[in-house]
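Input: a single structure, listed below in structure tokens.
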Amino acid sequence: MNLTVNGVEHHVDGGGLTPLLDVLRDELGITGPKAGCHQGGCGSCTVLVDGEPRRSCLMPAAYAEGTEITTVEGIGSPDDLSPVQQAFVHHYAAQCGFCTSGMMLAAHAYIAGGGTDDHEAIQEALGGHVCRCTGYSKIIDAVAAAARGDDFDLTTTAVGKYTTMATGGAA
Amino acid sequence: MAAASVALDAATEVLVPGSEDEAIAAFDDGAGVAVVGGGTIVVPDVTYLRHRPMKALLLGRAGLSGITKDGSRTTVGATTPVAELVGMPAPLGPCAANVADLEIRAQGTVGGNLCAGEGYEAPRGDLQGAFLALGATVRSAANGEVTEEPLDEFLPKRGGRLLLSVSFEEPAAGAFAGLDRPHTHDYTALAVSGARAADGTLRLAATGAGSHGQRLPSAEGGDAEAALNDVTPHDDALASAWYRTKVLPVLVRRVLDELKESA
């Protein structure tokens, strides 16, 4: 079976009922999607399947054949962060980081689908994603900022100076 | 052509039918077969070793998805995502919107929701109540034979049949009242659906008051308390039997009031 992940085609064994998440992490070593609850309750494994956010722990890998899968590695890189990733840095929206890739992909799809900075709509779009650091306020601020198309100065966070990988330590 | 078969491991044979006929043939008498729609129920069960089916029937490529309208009758295919019901008139639309979150609604299927087993912590199958209130009928197969029957007759034997589609007449009015969920990943502890058919027949049904959705005929005359004659509320992880007993008549009353207002 062939899977296209972040634009690269891979041949994989995991067929049948094997969850897409296990194929991505264990077979392909793509660890952006996290195995949180492994039963659809936390959203940390969310990936984009043809641009739509889907729980990779619930989807048999067989259903992903012939689709374009995007993980957090595919929406930006440390040198070239996507607008959502920049917003998360600027608004300090990641604490432990475990939920972050799923949150960012859900946000990415929300904004690509015309989502606005309306907080209720963002809560609905990210409603299945759990942040056990409870950093929801800053996550919603970040998604709203990215939805507005704000420009971000990554040498600072929204609350002050901050050193990031993306700026090579300037601050 | 026979359904494509993929080896999962020694214990589970995975069948991927490419049409309704192939799905019916592959299901056969259903013995040892786990039917997989979107995967939201079966896949975590297999992940956590709660379930190791002899055969898994992946319906995603069998062409069973889609909503069709023929006059006042709507037919929903088995693998139609729950998300496609959101936005429909009550009780179906609001009931579907109350299932999980938007990602899981886009993955989980109507057939999977209607056929959901009892669940480990709480009853599953939120849509059962809404479809019961609509007087829906189910097309299903077993042993190569296709039959159509009312949903309330189908539900007790849903484990042994392959659901193909569910259909209903557009109601004159509908209403839905459910308990809030603390988080999108929780099942609804209790919900009541109601609909008045074009001929004036009023149907009420509950989800969360038994092992599957149940009609509440005793309350259909307008006495909300009488709903307790039709079900035996139970204790589970979401709510106590005491709480369900107190809340069921309240939800029934809200649905009856809403139906009255739209008369």
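The values are calculated or read from the model by the stated rules, or taken from the named source; none is laboratory data. For clarity, every value in this text was computed on a predicted model and none was experimentally measured. Cβ placement follows ideal geometry from the backbone for every residue including glycine, while neighbour counts extend to all protein chains displayed.
Among the listed residues B:L58, B:L114, identify the single one that is within 14 Å of chain A (Cβ to nearest Cβ), of a type outside the set (G, A, S) and either buried (at least 18 other Cβ atoms within 10 Å of the Cβ) or out of contact with any Leu (no Cβ under 7 Å at 6 or more places or on another chain) (or both). If you could, list the steps in order and put the result at the bottom.
Numbers: B:L114 fails: within 14 Å of chain A (Cβ to nearest Cβ).
Answer to the selection: B:L58.
With respect to B:A224, is the statement that it is without any contact (Cβ under 8 Å) to a residue 12 or more places away in the chain and over 19 Å from B:L114 (Cα atoms) true?
Values: without any contact (Cβ under 8 Å) to a residue 12 or more places away in the chain: no; over 19 Å from B:L114 (Cα atoms): yes.
Against the criterion (without any contact (Cβ under 8 Å) to a residue 12 or more places away in the chain and over 19 Å from B:L114 (Cα atoms)), B:A224 does not qualify.
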Legend entry - Subset tally (residues that are touching a Phe, Trp or Tyr at 6+ places or on another chain (Cβ under 9 Å) and closer than 21 Å to A:V49 by Cβ) for the range A:85-110: 4
Inset, instruction - Examine the range A:38-49 for a residue that is crowded, with 22+ Cβ neighbours inside 10 Å, away from chain B (no Cβ under 12 Å) and under 28 Å from B:P17 (Cβ atoms), and state whether such a residue exists. - result: no
Legend entry - Of the criteria (1) farther than 22 Å from B:G144 by Cβ; (2) more than 10 Å from every other protein chain (Cβ to nearest Cβ); (3) touching a strand residue (DSSP E or B) at 6+ places or on another chain (Cβ under 6 Å), which one B:V43 fails: (2)
Inset, instruction - Examine the range A:69-76 for a residue that is under 15 Å from B:L102 (Cα atoms), touching a residue at least 24 places away in the same chain (Cβ under 8 Å), touching a Gly at 6+ places or on another chain (Cβ under 7 Å) and not charged (D, E, K, R), and state whether such a residue exists. - result: no
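What residue, among those in the range A:18-36 that are touching a residue at least 60 places away in the same chain (Cβ under 8 Å) and within 14 Å of another protein chain (Cβ to nearest Cβ), is nearest to B:P44 (Cα to Cα)?
Keep residues of the range A:18-36 that are touching a residue at least 60 places away in the same chain (Cβ under 8 Å), which gives A:32-34, A:36.
With within 14 Å of another protein chain (Cβ to nearest Cβ) added as a condition, the list becomes A:33, A:36.
Details: A:P33: 16, A:G36: 12 Å.
So, considering only residues that are touching a residue at least 60 places away in the same chain (Cβ under 8 Å) and within 14 Å of another protein chain (Cβ to nearest Cβ), the one nearest to B:P44 (Cα to Cα) is A:G36.
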Legend entry - Extreme residue, farthest from A:G36 (Cα to Cα), among residues of the range A:138-171 that are among the small types (G, A, S) and modelled with pLDDT of 95 or more: A:G149
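Identify all residues within the range B:183-199 that are modelled with pLDDT under 95 and either within 13 Å of B:N98 (Cβ to Cβ) or not in a loop (DSSP other than H, G, I, E, B) (or both); write none if there are none. Don't jump to the end; show me each part of the working.
Going through the range B:183-199, the residues modelled with pLDDT under 95 turn out to be B:183-189, B:198-199.
Across the range B:183-199, the qualifying residues are B:H183, B:T184, B:H185, B:D186, B:Y187, B:T188, B:A189.
Just to be sure, is B:L132 touching a residue at least 60 places away in the same chain (Cβ under 8 Å), surrounded by 24 or more Cβ atoms within 10 Å (Cβ to Cβ) and closer than 29 Å to B:A198 by Cα?
Working: touching a residue at least 60 places away in the same chain (Cβ under 8 Å): yes; surrounded by 24 or more Cβ atoms within 10 Å (Cβ to Cβ): yes; closer than 29 Å to B:A198 by Cα: yes.
For B:L132, the condition - touching a residue at least 60 places away in the same chain (Cβ under 8 Å), surrounded by 24 or more Cβ atoms within 10 Å (Cβ to Cβ) and closer than 29 Å to B:A198 by Cα - is met.
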Inset, instruction - Report yes if some residue within the range B:121-134 is among the polar types (S, T, N, Q), at pLDDT 95 or above and assigned to a strand (DSSP E or B); otherwise report no. - result: no
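Restricted to the range B:92-107, and to residues that are charged (D, E, K, R) and in a helix (DSSP H, G or I), which residue is farthest from B:A133 (Cα to Cα)?
B:E103
Which of the residues spanning the range A:114-131 are part of a loop (DSSP other than H, G, I, E, B) and either more than 18 Å from A:R55 (Cα to Cα) or among the hydroxyl-bearing types (S, T, Y) (or both)?
Pass one, the range A:114-131, residues part of a loop (DSSP other than H, G, I, E, B): A:114-118, A:126-131.
Across the range A:114-131, the qualifying residues are A:G114, A:G115, A:T116, A:D117, A:D118.
Taking the options B:L179, B:L155, name whichever one is buried (at least 16 other Cβ atoms within 10 Å of the Cβ), away from chain A (no Cβ under 14 Å) and under 14 Å from the mean Cα position of the chain (by Cα). It would help to see each step written out before you state the result.
Numbers: B:L179 fails: under 14 Å from the mean Cα position of the chain (by Cα).
Matching residue, one of B:L179, B:L155: B:L155.
Being within 14 Å of chain A (Cβ to nearest Cβ), modelled with pLDDT under 95 and within 22 Å of B:A189 (Cβ to Cβ) is the requirement here; does B:V82 meet it?
Working: within 14 Å of chain A (Cβ to nearest Cβ): yes; modelled with pLDDT under 95: no; within 22 Å of B:A189 (Cβ to Cβ): yes.
Judged against the criteria, B:V82 is not a match.
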Legend entry - Selection from the range B:66-91 of residues that are in a loop (DSSP other than H, G, I, E, B) and either surrounded by fewer than 20 Cβ atoms within 10 Å (Cβ to Cβ) or of a type in the set (D, E, K, R) (or both): B:G66, B:G71, B:S72, B:V86, B:G87, B:M88, B:P89
Legend entry - Unique match (being outside any strand (DSSP E or B) and of a type in the set (G, A, S)) among B:S165, B:S218: B:S218
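Can you report the number of residues in the range B:131-148 which are of a type in the set (A, V, I, L, M, F, W, C), over 8 Å from the mean Cα position of the chain (by Cα) and under 24 Å from B:A97 (Cα atoms)?
Step one: filter the range B:131-148 for residues of a type in the set (A, V, I, L, M, F, W, C), giving B:131-134, B:136, B:138, B:141-142, B:146.
From the residues that got through so far, the ones that are over 8 Å from the mean Cα position of the chain (by Cα) too are B:132-134, B:136, B:138, B:141-142, B:146.
Checking which are under 24 Å from B:A97 (Cα atoms) leaves us with B:132-134, B:136, B:138.
Of the residues in the range B:131-148, 5 are of a type in the set (A, V, I, L, M, F, W, C), over 8 Å from the mean Cα position of the chain (by Cα) and under 24 Å from B:A97 (Cα atoms).
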Inset, instruction - Enumerate the pairs (first residue in the range A:44-55 and farther than 13 Å from A:L20 by Cα and free of Cβ contacts under 8 Å to residues at least 60 places away in the same chain; second residue anywhere and of a type in the set (D, E) and surrounded by fewer than 24 Cβ atoms within 10 Å (Cβ to Cβ)) with beta-carbon separation below 7 Å, excluding pairs fewer than 6 apart on the same chain, so at least 6 apart or on different chains. - result: A:D50/A:E68
